[in-house]
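Everything below concerns the one structure shown next.
Derivation of every value follows stated rules applied to the coordinates shown; laboratory data play no part. Predicted model, so just to flag it, every value in this text is computed and none were measured. Every residue, glycine as well, gets a Cβ built from its backbone with ideal geometry; the counts of neighbours run over all protein chains shown.
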């Protein structure tokens, strides 16, 4: 995302992105419960500042089968490392992983382009 000149370095955030495809036998209700559990990690893990999710809008047909995206925001990549090691994240991951056919994770520090 391009931003106007003068955007403070402090506005940079770290993102933890998960692309997922649920197994065919996982019901829509089970998926919703897993999403609620993911969202609740914001209340349990201090470095996690926000959580958003969505499903593929099917515009470019480049998803390689992934159907869901989960985006968590942190102040720093160190916050992501703390989140990954947190017992609540480990417990949740052990619930989510068996429901997934495939998953891809990426962590990054956001950057803007000054125009």
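State, to one decimal in nm, how far the label point of residue 76 lies from the label point of residue 94, with both points 7 Å from Cα in the Cβ direction.
Here the modelled spin labels are 3.0 nm apart.
Per-residue ellipticity at 222 nm for the chain, helices alone: DSSP H runs ≥ 4 residues times -39500 (n - 2.57), over residue total, nearest 500 deg cm²/dmol? If you can, show how the numbers build up before the last one.
On the way: 3 runs with 36 residues, N = 115.
The per-residue figure over the chain is -9500 deg cm²/dmol.
Which of the three applies to the stretch 12-51, rounded, prolate or oblate, going by the alpha-carbon gyration tensor with a ≥ b ≥ c and a/c under 1.5 meaning rounded? Could the numbers behind the result be given before it?
Numbers: a/c = 4.23, a/b = 1.81, b/c = 2.34.
Note, shape of the stretch 12-51 comes out oblate.
When only C-alpha pairs under 8 Å and at least 6 residues apart count, what is the relative contact order of the chain, in percent? Spell out each step's value before the answer.
On the way: 175 pairs, mean separation 55.9, N = 115.
After rounding, I find 49 percent.
For 66, 83, what ranking results if the residue with the fewest other Cβ atoms within 10 Å of its Cβ goes first? Mind dumping the intermediate values first?
Working: 66 17, 83 21.
Exposure proxy ranking, most exposed first: 66, 83.
Kindly express, to the nearest 10 degrees and within the range 0 to 90, the angle between helix 28-44's C-alpha long axis and the longest C-alpha principal axis of the chain.
That helix lies at roughly 40 degrees to the long axis.
How far is it, in nm, from the label point at residue 27 to the one at residue 13 when both lie 7 Å from their Cα along the line to the Cβ?
In this crude spin-label approximation the distance works out to 3.4 nm.
Which shape class applies to the stretch 25-71: rounded if a/c is under 1.5, otherwise prolate when a/b exceeds b/c and oblate if not, where a ≥ b ≥ c are the square roots of the Cα gyration tensor eigenvalues?
On the way: a/c = 3.41, a/b = 1.55, b/c = 2.20.
Judged from the Cα gyration tensor, the stretch 25-71 comes out oblate (a/c at least 1.5, b/c at or above a/b).
Order of 60, 30 from fewest to most other C-beta atoms within 10 Å?
On the way: 60 7, 30 13.
Ordered by Cβ neighbours within 10 Å, fewest first: 60, 30.
For mean projected area of the Cα convex hull in nm², one of (1) 8.2; (2) 9.4; (3) 7.0 was computed from the structure I shared and the rest are decoys. Which label?
(1)
What ranking of 73, 67, 55 emerges when the number of other C-beta atoms within 10 Å of each C-beta is taken as an exposure proxy, fewest first?
55, 67, 73
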